[in-house]
Amino acid sequence: MRKQIVSANWKMNGTLEQANQLLDAFAAAALLVDENRIAVFAVPAPFLMLAKEKLSGNPYLFAAAQNAYSKKSGAYTGEISVEILQSLGIQYLVLGHSERREYFQESNAFLAEKVNIALAFGICPIFCCGEPLEIREANTQNQFVAQQLKESLFHLTPAEFSKIVIAYEPIWAIGTGKTASSEQAQEIHQFIRAEIATQYGEQVANEVSILYGGSVKANNAKELFSQPDVDGGLVGGASLNAAEFIQIINS
Ligand code: PEP
(Lines give C-alpha, C1' and ligand atoms only; values in the text may rest on other atoms or scores of the structure.)
Protein backbone atom coordinates (compact mmCIF):
# COMPACT_ATOMS: atom_id res chain seq x y z
CA MET A 1 0.00 0.00 0.00
CA ARG A 2 1.42 3.36 -0.97
CA LYS A 3 1.86 6.04 1.66
CA GLN A 4 -0.29 9.14 1.90
CA ILE A 5 2.00 12.07 2.56
CA VAL A 6 1.49 15.71 3.35
CA SER A 7 4.68 17.73 3.17
CA ALA A 8 5.23 21.27 4.30
CA ASN A 9 7.60 23.39 2.27
CA TRP A 10 8.57 26.42 4.34
CA LYS A 11 10.86 27.69 1.57
CA MET A 12 13.12 30.55 2.81
CA ASN A 13 10.71 31.71 5.51
CA GLY A 14 10.68 32.06 9.26
CA THR A 15 13.00 33.06 12.05
CA LEU A 16 14.23 30.71 14.77
CA GLU A 17 11.48 31.98 17.03
CA GLN A 18 8.79 31.32 14.43
CA ALA A 19 10.23 27.89 13.64
CA ASN A 20 10.09 27.01 17.36
CA GLN A 21 6.47 28.12 17.60
CA LEU A 22 5.33 26.25 14.50
CA LEU A 23 7.16 23.04 15.38
CA ASP A 24 5.81 23.12 18.94
CA ALA A 25 2.30 23.47 17.55
CA PHE A 26 2.73 20.50 15.19
CA ALA A 27 4.34 18.36 17.88
CA ALA A 28 1.44 19.03 20.26
CA ALA A 29 -1.39 18.65 17.69
CA ALA A 30 -3.74 15.69 17.38
CA LEU A 31 -2.67 14.59 13.92
CA LEU A 32 -4.25 11.74 11.97
CA VAL A 33 -0.94 10.12 11.09
CA ASP A 34 0.20 6.52 11.17
CA GLU A 35 2.64 4.30 9.30
CA ASN A 36 0.74 4.79 6.02
CA ARG A 37 -0.16 8.47 6.49
CA ILE A 38 2.82 10.61 7.34
CA ALA A 39 3.65 14.30 7.53
CA VAL A 40 6.95 15.75 6.37
CA PHE A 41 8.35 19.20 7.14
CA ALA A 42 10.81 20.65 4.63
CA VAL A 43 12.33 23.42 6.71
CA PRO A 44 15.23 25.80 5.99
CA ALA A 45 18.50 23.92 6.54
CA PRO A 46 19.52 25.74 9.75
CA PHE A 47 16.31 24.46 11.40
CA LEU A 48 16.75 20.80 10.43
CA MET A 49 18.05 19.57 13.77
CA LEU A 50 15.54 21.66 15.65
CA ALA A 51 12.72 20.16 13.56
CA LYS A 52 14.05 16.64 14.04
CA GLU A 53 14.23 17.08 17.79
CA LYS A 54 10.87 18.80 18.17
CA LEU A 55 9.06 16.20 16.03
CA SER A 56 10.82 13.22 17.59
CA GLY A 57 7.91 12.36 19.90
CA ASN A 58 5.77 11.29 16.93
CA PRO A 59 7.27 8.55 14.69
CA TYR A 60 5.12 9.61 11.73
CA LEU A 61 6.44 13.18 11.49
CA PHE A 62 9.67 13.75 9.56
CA ALA A 63 11.98 16.69 9.02
CA ALA A 64 13.12 17.13 5.41
CA ALA A 65 15.69 19.20 3.55
CA GLN A 66 14.65 21.47 0.68
CA ASN A 67 17.75 20.84 -1.40
CA ALA A 68 21.16 19.16 -1.44
CA TYR A 69 24.10 19.16 -3.81
CA SER A 70 25.01 16.42 -6.27
CA LYS A 71 28.47 15.66 -4.81
CA LYS A 72 29.31 13.60 -1.75
CA SER A 73 31.60 16.21 -0.15
CA GLY A 74 34.30 18.69 -1.05
CA ALA A 75 35.06 22.31 -1.88
CA TYR A 76 31.50 23.50 -2.59
CA THR A 77 31.15 26.41 -0.22
CA GLY A 78 27.60 27.03 0.91
CA GLU A 79 26.20 23.73 -0.32
CA ILE A 80 24.74 20.86 1.72
CA SER A 81 25.51 17.23 0.97
CA VAL A 82 23.31 14.18 1.36
CA GLU A 83 26.14 12.76 3.46
CA ILE A 84 25.59 15.62 5.93
CA LEU A 85 21.82 15.06 5.84
CA GLN A 86 22.28 11.34 6.41
CA SER A 87 24.52 12.04 9.40
CA LEU A 88 21.72 14.19 10.87
CA GLY A 89 19.23 11.35 10.38
CA ILE A 90 17.24 13.22 7.73
CA GLN A 91 15.18 10.81 5.61
CA TYR A 92 13.43 13.06 3.07
CA LEU A 93 14.74 15.62 0.60
CA VAL A 94 12.78 17.85 -1.78
CA LEU A 95 14.47 17.91 -5.20
CA GLY A 96 13.68 19.79 -8.38
CA HIS A 97 11.28 22.33 -6.94
CA SER A 98 10.31 24.75 -9.72
CA GLU A 99 11.94 27.61 -7.79
CA ARG A 100 15.26 25.71 -7.86
CA ARG A 101 14.78 24.97 -11.55
CA GLU A 102 13.98 28.61 -12.36
CA TYR A 103 16.28 30.63 -10.09
CA PHE A 104 19.22 28.22 -9.87
CA GLN A 105 19.03 26.72 -13.36
CA GLU A 106 18.65 23.15 -12.18
CA SER A 107 18.21 20.98 -15.26
CA ASN A 108 16.64 17.55 -15.57
CA ALA A 109 20.12 16.02 -16.04
CA PHE A 110 21.52 17.74 -12.94
CA LEU A 111 18.51 16.59 -10.94
CA ALA A 112 19.16 13.02 -12.07
CA GLU A 113 22.58 13.28 -10.37
CA LYS A 114 20.97 14.61 -7.19
CA VAL A 115 18.38 11.82 -7.19
CA ASN A 116 21.16 9.25 -7.59
CA ILE A 117 23.24 10.50 -4.70
CA ALA A 118 20.20 10.88 -2.41
CA LEU A 119 19.22 7.26 -3.03
CA ALA A 120 22.83 6.13 -2.56
CA PHE A 121 22.72 7.70 0.92
CA GLY A 122 19.34 6.21 1.77
CA ILE A 123 17.44 9.50 1.58
CA CYS A 124 14.04 9.59 -0.13
CA PRO A 125 13.79 12.27 -2.80
CA ILE A 126 10.47 14.08 -3.09
CA PHE A 127 10.93 14.80 -6.78
CA CYS A 128 9.00 17.82 -8.07
CA CYS A 129 7.79 18.09 -11.64
CA GLY A 130 5.20 20.27 -13.34
CA GLU A 131 4.60 22.62 -16.23
CA PRO A 132 4.58 26.41 -16.63
CA LEU A 133 1.44 28.26 -17.68
CA GLU A 134 2.26 28.46 -21.39
CA ILE A 135 2.63 24.68 -21.57
CA ARG A 136 -0.73 24.18 -19.83
CA GLU A 137 -2.33 26.69 -22.21
CA ALA A 138 -0.91 24.77 -25.18
CA ASN A 139 -2.28 21.57 -23.59
CA THR A 140 1.13 19.88 -23.81
CA GLN A 141 1.57 19.35 -20.05
CA ASN A 142 1.65 15.56 -20.35
CA GLN A 143 4.57 15.57 -22.77
CA PHE A 144 6.38 18.19 -20.65
CA VAL A 145 6.07 16.19 -17.42
CA ALA A 146 6.90 12.92 -19.20
CA GLN A 147 10.17 14.48 -20.38
CA GLN A 148 11.03 15.58 -16.83
CA LEU A 149 10.42 12.07 -15.52
CA LYS A 150 12.36 10.46 -18.36
CA GLU A 151 15.41 12.69 -18.03
CA SER A 152 15.65 12.75 -14.22
CA LEU A 153 14.19 9.42 -13.05
CA PHE A 154 13.73 6.73 -15.68
CA HIS A 155 17.37 5.59 -15.52
CA LEU A 156 16.64 4.23 -12.01
CA THR A 157 16.16 0.52 -11.41
CA PRO A 158 12.65 -0.57 -10.35
CA ALA A 159 13.92 -1.11 -6.80
CA GLU A 160 15.35 2.42 -6.70
CA PHE A 161 12.27 3.95 -8.28
CA SER A 162 10.04 2.35 -5.62
CA LYS A 163 11.86 4.44 -2.99
CA ILE A 164 11.03 7.86 -4.38
CA VAL A 165 8.06 10.17 -3.96
CA ILE A 166 6.82 12.37 -6.81
CA ALA A 167 5.24 15.78 -6.35
CA TYR A 168 3.33 17.12 -9.34
CA GLU A 169 3.32 20.90 -9.01
CA PRO A 170 1.94 22.96 -11.90
CA ILE A 171 4.04 26.13 -11.77
CA TRP A 172 1.01 28.31 -12.53
CA ALA A 173 -0.56 27.11 -9.27
CA ILE A 174 2.42 27.60 -6.93
CA GLY A 175 1.98 30.55 -4.60
CA THR A 176 -0.60 32.07 -6.95
CA GLY A 177 -3.81 31.09 -5.19
CA LYS A 178 -4.84 29.27 -8.40
CA THR A 179 -5.30 25.60 -7.66
CA ALA A 180 -5.59 22.91 -10.29
CA SER A 181 -9.12 21.53 -10.13
CA SER A 182 -9.37 18.08 -8.60
CA GLU A 183 -10.19 16.76 -12.10
CA GLN A 184 -7.07 18.39 -13.58
CA ALA A 185 -4.94 16.99 -10.75
CA GLN A 186 -6.40 13.49 -11.08
CA GLU A 187 -5.97 13.52 -14.85
CA ILE A 188 -2.26 14.27 -14.79
CA HIS A 189 -1.54 12.12 -11.72
CA GLN A 190 -3.16 9.21 -13.55
CA PHE A 191 -1.02 10.01 -16.58
CA ILE A 192 2.15 10.08 -14.43
CA ARG A 193 1.24 6.73 -12.88
CA ALA A 194 0.61 5.27 -16.34
CA GLU A 195 4.03 6.50 -17.51
CA ILE A 196 5.62 4.82 -14.49
CA ALA A 197 3.68 1.63 -15.24
CA THR A 198 4.94 1.63 -18.84
CA GLN A 199 8.51 2.01 -17.63
CA TYR A 200 8.47 -0.15 -14.49
CA GLY A 201 5.22 -2.15 -14.46
CA GLU A 202 1.95 -1.82 -12.58
CA GLN A 203 3.28 -2.97 -9.24
CA VAL A 204 5.94 -0.25 -8.98
CA ALA A 205 3.48 2.36 -10.32
CA ASN A 206 0.96 1.47 -7.63
CA GLU A 207 3.56 1.74 -4.87
CA VAL A 208 4.78 5.25 -5.68
CA SER A 209 3.14 8.15 -3.86
CA ILE A 210 2.29 11.08 -6.13
CA LEU A 211 1.61 14.33 -4.25
CA TYR A 212 -0.13 17.40 -5.62
CA GLY A 213 1.33 20.86 -4.95
CA GLY A 214 0.03 24.30 -5.86
CA SER A 215 -2.02 26.50 -3.53
CA VAL A 216 -3.28 23.61 -1.40
CA LYS A 217 -5.30 25.11 1.46
CA ALA A 218 -7.47 23.77 4.26
CA ASN A 219 -10.57 24.39 2.15
CA ASN A 220 -9.47 22.41 -0.94
CA ALA A 221 -7.20 19.70 0.51
CA LYS A 222 -9.91 17.13 1.17
CA GLU A 223 -11.27 17.20 -2.34
CA LEU A 224 -7.82 17.10 -3.96
CA PHE A 225 -6.59 14.29 -1.69
CA SER A 226 -9.72 12.23 -2.30
CA GLN A 227 -8.80 11.72 -5.96
CA PRO A 228 -7.66 8.13 -6.53
CA ASP A 229 -4.19 9.02 -7.85
CA VAL A 230 -3.52 11.97 -5.53
CA ASP A 231 -1.66 10.60 -2.51
CA GLY A 232 -1.30 13.82 -0.55
CA GLY A 233 0.22 17.23 -1.06
CA LEU A 234 3.29 19.43 -1.03
CA VAL A 235 2.21 22.65 0.64
CA GLY A 236 4.02 25.98 0.64
CA GLY A 237 2.23 29.07 1.98
CA ALA A 238 -0.40 27.25 4.02
CA SER A 239 2.25 25.19 5.84
CA LEU A 240 3.39 28.34 7.67
CA ASN A 241 0.06 28.61 9.46
CA ALA A 242 -0.13 25.94 12.16
CA ALA A 243 -3.92 25.73 12.42
CA GLU A 244 -4.37 25.57 8.66
CA PHE A 245 -1.61 23.04 8.07
CA ILE A 246 -2.95 20.79 10.84
CA GLN A 247 -6.30 20.77 8.99
CA ILE A 248 -4.52 19.92 5.75
CA ILE A 249 -2.65 17.01 7.36
CA ASN A 250 -5.91 15.73 8.79
CA SER A 251 -7.54 15.93 5.36
C1 PEP B 1 5.34 24.77 -2.95
O2 PEP B 1 6.08 25.50 -2.34
O3 PEP B 1 5.76 23.69 -3.39
C4 PEP B 1 3.95 25.16 -3.15
C5 PEP B 1 3.12 24.35 -3.75
O6 PEP B 1 3.59 26.41 -2.68
P7 PEP B 1 2.08 26.95 -2.41
O8 PEP B 1 1.38 25.87 -1.62
O9 PEP B 1 2.27 28.20 -1.65
O10 PEP B 1 1.45 27.12 -3.75
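The values are calculated or read from the model by the stated rules, or taken from the named source; none is laboratory data. Model, not experiment: these values are computed from the prediction. Note: ideal-geometry Cβ built from the backbone for every residue, glycine included; neighbour counts use all protein chains shown. Calculation scope for accessible area: heavy atoms of the full protein, side chains included, ligands and nucleic acids excluded. Shrake-Rupley method; radii C 1.70, N 1.55, O 1.52, S 1.80 Å.
Numerical summary
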read-out: Test for Lys150: is it over 16 Å from the mean Cα position of the chain (by Cα), at pLDDT below 95 and basic (Lys, Arg); value: no
read-out: All positions within the stretch 38-78 that are part of a strand (DSSP E or B) and free of Cβ contacts under 8 Å to residues at least 60 places away in the same chain; value: Ile38, Leu61, Phe62, Ala63, Ala65
read-out: Residue match in the stretch 202-210 (condition: under 16 Å from Gly130 (Cα atoms) and part of a helix (DSSP H, G or I)); value: no
read-out: Condition broken by Arg193, with the remaining ones in (1) among the basic types (Lys, Arg); (2) part of a helix (DSSP H, G or I); (3) closer than 19 Å to Tyr92 by Cβ satisfied; value: (3)
read-out: Any hit, the stretch 20-36, residues being within 16 Å of the ligand (Cβ to nearest atom) and part of a loop (DSSP other than H, G, I, E, B); value: no
read-out: Which listed residue, of Val43, Val33, is closer than 16 Å to Ile123 by Cα, β-branched (Val, Ile, Thr) and either surrounded by fewer than 15 Cβ atoms within 10 Å (Cβ to Cβ) or modelled with pLDDT of 95 or more (or both); value: Val43
read-out: Matching residues, the stretch 199-237, being more than 16 Å from the ligand (Cβ to nearest atom) and either in contact with a Leu (Cβ under 6 Å, 6 or more places away or on another chain) or open to solvent by 30 Å² or more (accessible area, probe 1.4 Å) (or both); value: Gln199, Tyr200, Glu202, Gln203, Asn206, Glu207, Ser226, Gln227, Pro228
read-out: Test set (1) open to solvent by less than 20 Å² (accessible area, probe 1.4 Å); (2) at positive phi - Ile38 fails condition number; value: (2)
